[in-house]
1. Just give me the residues in the range 194-219 being more than 10 Å from ILE182 (Cβ to Cβ), not in a helix (DSSP H, G or I) and not charged (D, E, K, R), in sequence order.
2. For residues in the range 285-325 being surrounded by 20 or more Cβ atoms within 10 Å (Cβ to Cβ) and aromatic (Phe, Trp, Tyr), which is nearest to the ligand (Cβ to nearest atom)?
3. Assess whether LEU247 counts as being within 16 Å of the ligand (Cβ to nearest atom) and either among the aliphatic types (A, V, I, L, M) or farther than 27 Å from ILE311 by Cβ (or both).
4. Quick one: is SER263 assigned to a helix (DSSP H, G or I), outside the structural domain of TYR427 (by TED's automatic domain parsing) and hydroxyl-bearing (Ser, Thr, Tyr)?
5. If a residue must be of a type in the set (A, V, I, L, M, F, W, C) and within 16 Å of the ligand (Cβ to nearest atom), how many such residues does the range 250-271 contain?
6. Would you mind telling me which numbered condition in (1) in the same structural domain as LYS318 (by TED's automatic domain parsing); (2) touching a residue at least 60 places away in the same chain (Cβ under 8 Å) TYR396 fails?
Amino acid sequence: MHLPDLEVAKKREKKENKYITLNEDIKKVFTNKKYFLRTYGCQMNVHDSEAIRSYLERLGLVNTSNIEEANVIVLNTCAIRENARDKVIGFLGKCHYLKKNRNDVKIVIAGCMSEQPDFVSLIKEKYSFVDIIIGTHNLYDLPKLLVQEFSKLEIEVYSESDEVLEGMQYERDSKYTAWINIMYGCDKFCTYCIVPYTRGRERSRKKEDILKEVMELKNKGYKEVTLLGQNVNAYGRDIGEKFSDLLESVAKTGIERIRFVTSHPWNFTDEMIDVIAKYKNIMPYIHLPIQSGSNEILRRMNRRYTKEEYIELFNKIKTKIPNATITTDIIVGFPNETREDFEETLDVVKTCEFDGAYTFIFSPREGTPASRMEDKVTLEEKEQRLYELNELVNYYANKSNQKLLNKEVEVLVLGKSEKDNAKVYGYTDTMKLVNIEGVNVKDTIGKIIKVKIKDAKSFSLDGEVVL
Ligand code: SF4
């Protein structure tokens with residue numbers, strides 16, 4: 001079993017990007033071999049999976065959705081989401097069954113969990129049939145490790161050193177929208193979050209490398225890019241750059257749509273607001289996690305802002321960008337959250353009238369300060385609070401969508417609707433999901449079109465193509 005050197009991985013600031021020289025012998029190793037990839041978690045993991053897929057396909061492996069016929073099974077894990085570990089462990093049962101019956105299957109665990117020492121120990125002890133555990137820090141070693149697992153071949157590897165990974169290839173999920181990592185890691189150390197431990201400290205890519213990637217995507221016909229980082233607006237602090245300047249430069253490339261996730265309120269500057277307001281191709285969609293409305297809980301979360309400061313920022317954005325939609329993340333049931341604390345959260349939802357919110361019950365992550373905090377709130381109470389919160393959040397999401405009834409909006413059409421084959425679906429520049437019908441509607445896939453909204457629900461809109 002290959003295991004990441006956790007201590008080295010955590011301390012390492014310099015990254016090496018390694019490339020395998022594919023010779024005929026290596027190509028033969030992977031001829032007629034297939035891979036199955038399952039992704040858990042956030043956008044960052046989804047984007048990492050695009051890199052994993054590219055590595056596997058460059059080796060010659062072919063994608064399959066049938067795990068029974070796969071020779072390489074990759075689980076790209078997430079340490080943030082609730083029950084993520086249970087899901088991975090559950091899935092490993094199926095992998096074990098396959099391994100027992102076939103000796104040409106290799107199991108790979110990648111992603112954030114692979115950076116957690118207790119998870120790695122668990123796999124070593126109880127799931128030793130797993131062949132490779134690879135962390136987010138050394139993903140580029142995957143081709144080399146797979147070659148070694150399947151053969152005794154000597155492989156030629158050359159490497160480049162850099163502050164961050166450059167030159168990564170991605171097998172992108174979409175032909176129209178693309179994720180672009182602009183930075184890695186996070187320095188915020190919110191007390192409930194595992195990211196600073198699993199993905200390391202903040203490391204920003206160079207502005208020119210990001211702009212080059214944007215231009216390449218634009219030239220290939222991509223319509224939308226999402227600038228991605230755990231704390232995206234902290235971009236550049238380590239290399240003397242500013243996120244607002246990067247955003248402006250990306251806007252000037254002329255790509256049709258730009259968005260960015262996820263922003264931390266603490267790093268949301270006036271300059272950023274001005275740049276978003278100035279450029280039409282920067283989507284007026286801002287995901288701004290508040291997490292709680294209680295100042296005491298925010299303090300214990302180490303979020304570095306108060307409810308009042310958040311509302312002030314929210315109002316500033318709405319004043320300068322009146323058409324902006326603002327969504328948020330909220331955790332209920334943080335250790336020892338009182339009813340009064342929770343009501344502060346309800347109050348902030350009523351004040352801001354968010355266009356949408358991702359809501360979660362607090363779930364402790366081993367190794368974080370919050371996992372060691374005393375918690376007397378029962379699960380039943382937490383579930384009741386989540387229910388109340390969701391009722392309120394859905395009310396405002398619906399209210400926000402109702403404002404679009406009978407209005408014309410621009411939608412980037414991404415594909416056929418899963419529920420109704422005669423329709424297509426896409427997103428407005430404020431990230432509202434629209435199901436669209438009309439004559440020859442399938443010809444609009446990949447285009448930005450005008451749509452008249454006919455019906456509005458809490459989570460989606462229905463519309464008709466404007467001819
Ligand atoms: S800002 Fe906080 S919640 Fe977000 S990734 Fe960093 S530590 Fe985690």
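The values are calculated or read from the model by the stated rules, or taken from the named source; none is laboratory data. Source: prediction; values computed, not measured. As a convention, Cβ positions derive from the backbone with ideal geometry for all residues, glycine included, and neighbour counts pool all protein chains shown.
1. The answer is ILE194, GLY200.
2. Going through the qualifying residues, I end up with TYR310.
3. Working: within 16 Å of the ligand (Cβ to nearest atom): no; either among the aliphatic types (A, V, I, L, M) or farther than 27 Å from ILE311 by Cβ (or both): yes.
No.
4. Values: assigned to a helix (DSSP H, G or I): no; outside the structural domain of TYR427 (by TED's automatic domain parsing): yes; hydroxyl-bearing (Ser, Thr, Tyr): yes.
Against the criterion (assigned to a helix (DSSP H, G or I), outside the structural domain of TYR427 (by TED's automatic domain parsing) and hydroxyl-bearing (Ser, Thr, Tyr)), SER263 does not qualify.
5. Restricting attention to the range 250-271, the residues satisfying the condition of being of a type in the set (A, V, I, L, M, F, W, C) are 250-251, 255, 258, 260-261, 266, 268.
Subsequent filtering for residues that are within 16 Å of the ligand (Cβ to nearest atom) retains 260-261, 266, 268.
Count: 4.
6. With (1) in the same structural domain as LYS318 (by TED's automatic domain parsing); (2) touching a residue at least 60 places away in the same chain (Cβ under 8 Å) applied to TYR396, the lone miss is (2).
Here is a yes/no grid of residues against (1) within 17 Å of PHE268 (Cβ to Cβ); (2) among the hydroxyl-bearing types (Ser, Thr, Tyr); (3) in contact with a Gly (Cβ under 8 Å, 6 or more places away or on another chain); (4) within 15 Å of the ligand (Cβ to nearest atom):
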{"position": "THR177", "(1), (2), (3), (4)": "no, yes, no, no"}
{"position": "THR191", "(1), (2), (3), (4)": "no, yes, no, yes"}
{"position": "ARG199", "(1), (2), (3), (4)": "no, no, yes, yes"}
{"position": "GLY229", "(1), (2), (3), (4)": "yes, no, no, yes"}
{"position": "GLY240", "(1), (2), (3), (4)": "no, no, no, no"}
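Yes/no matrix, rows are residues, columns are (1) of a type in the set (S, T, N, Q); (2) touching a residue at least 24 places away in the same chain (Cβ under 8 Å):
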| site | (1), (2) |
| --- | --- |
| ASN390 | yes, yes |
| VAL413 | no, yes |
| ASP420 | no, no |
| ASN440 | yes, no |
